[in-house]
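Have a look at the structure below, then the notes.
The values are calculated or read from the model by the stated rules, or taken from the named source; none is laboratory data. Since the model is a prediction, treat every value here as computed from it, not as a measurement. We place every Cβ from the backbone using ideal geometry, glycine too, and count neighbours over all the protein chains shown. Quick note on the areas: whole protein, heavy atoms, side chains included, nothing else; ligands and nucleic acids left out. Shrake-Rupley method; radii C 1.70, N 1.55, O 1.52, S 1.80 Å.
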Amino acid sequence: MIDLPDSGARLSPNAGGGARLGLHHVVGPRLSMSADVGLGATWLGEHPMATVPPAEAEVGFAWQLAVLARYFPIYERSGLTFGGGLQYSGLRLSDVPTTQMGAELRAGYYRWHSEERFWTLEFGLSVPLIEGLTLPNEFASPEQPASPPVERTWHYVRASLGLSFAF
């Protein structure tokens with residue numbers, strides 16, 4: 001998590017884990033398309049994604065939908081694979097949920113065991129293109145002033161390491 005307040009850049013630690021279920025479709029000898037759904041949990045240290053930052057450390061429910069094109073040569077038993085596409089993801093936090101849409105880039109190694117069985121070990125990077133908070137639908141009364149506006153000066157760049165098995 002990269003926070004960009006007026007006083008300078010600040011990093012907030014975070015870590016998480018999850019499970020992904022996807023579908024690979026071979027388009028050509030060296031190209032496949034994949035779609036996957038991921039569910040898991042993410043721990044964030046003190047972070048700025050709140051209506052009144054900073055928020056305390058917390059664990060949130062994380063999800064992601066991704067569609068990727070992949071360089072994935074099917075006539076070679078093993079080798080490098082590269083993928084790129086779009087992702088839509090979210091993280092449920094105690095104060096407000098956050099969502100983002102961005103580019104998903106993956107690079108890794110694959111190994112075919114049989115005609116339909118393979119595994120991949122991949123490093124991924126999710127770079128946000130559109131991000132923000134989904135604010136609660138509460139309205140201030142005349143007796144109670146409205147809360148201050150949410151500053152959207154943070155960027156939630158995510159890196160991942162994944163091991164996938166085809167079955």
Filter result (of a type in the set (Lys, Arg) and either farther than 20 Å from GLU46 by Cα or without any contact (Cβ under 8 Å) to a residue 12 or more places away in the chain (or both)) within the range 70-107:
ARG70, ARG77, ARG106
Hits in the range 71-123 - residues which are over 16 Å from SER32 (Cβ atoms), small (Gly, Ala, Ser) and either in contact with a Leu (Cβ under 9 Å, 6 or more places away or on another chain) or at pLDDT 95 or above (or both):
SER89, GLY102, ALA103
Restricting attention to the range 96-113, does a residue exist that is hydrophobic (A, V, I, L, M, F, W, C), more than 15 Å from ARG20 (Cβ to Cβ), surrounded by 13 or more Cβ atoms within 10 Å (Cβ to Cβ) and over 21 Å from the mean Cα position of the chain (by Cα)?
yes
Quick one: in the range 13-29, which of the residues that are without any contact (Cβ under 8 Å) to a residue 60 or more places away in the chain and surrounded by 14 or more Cβ atoms within 10 Å (Cβ to Cβ) is nearest to TYR71 (Cα to Cα)?
GLY18
Across (1) of a type outside the set (Val, Ile, Thr); (2) surrounded by fewer than 18 Cβ atoms within 10 Å (Cβ to Cβ); (3) more than 14 Å from the chain's Cα centre (by Cα), SER32 clears everything bar (2)
Hits in the range 57-68 (condition: open to solvent by 40 Å² or more (accessible area, probe 1.4 Å) and touching a residue at least 24 places away in the same chain (Cβ under 8 Å))
PHE61, TRP63, LEU65, VAL67
If we scan the range 4-26, do we find a residue that is part of a strand (DSSP E or B), of a type in the set (Lys, Arg) and closer than 17 Å to LEU125 by Cβ?
yes
Looking at (1) modelled with pLDDT under 90; (2) in contact with a strand residue (DSSP E or B) (Cβ under 9 Å, 6 or more places away or on another chain); (3) open to solvent by 20 Å² or more (accessible area, probe 1.4 Å), can you tell me which one VAL52 breaks?
(2)
I'd like the full set of residues that are more than 20 Å from SER89 (Cα to Cα) and either at pLDDT 90 or above or in a strand (DSSP E or B) (or both), limited to the range 27-49.
VAL27, GLY28, LEU31, SER32
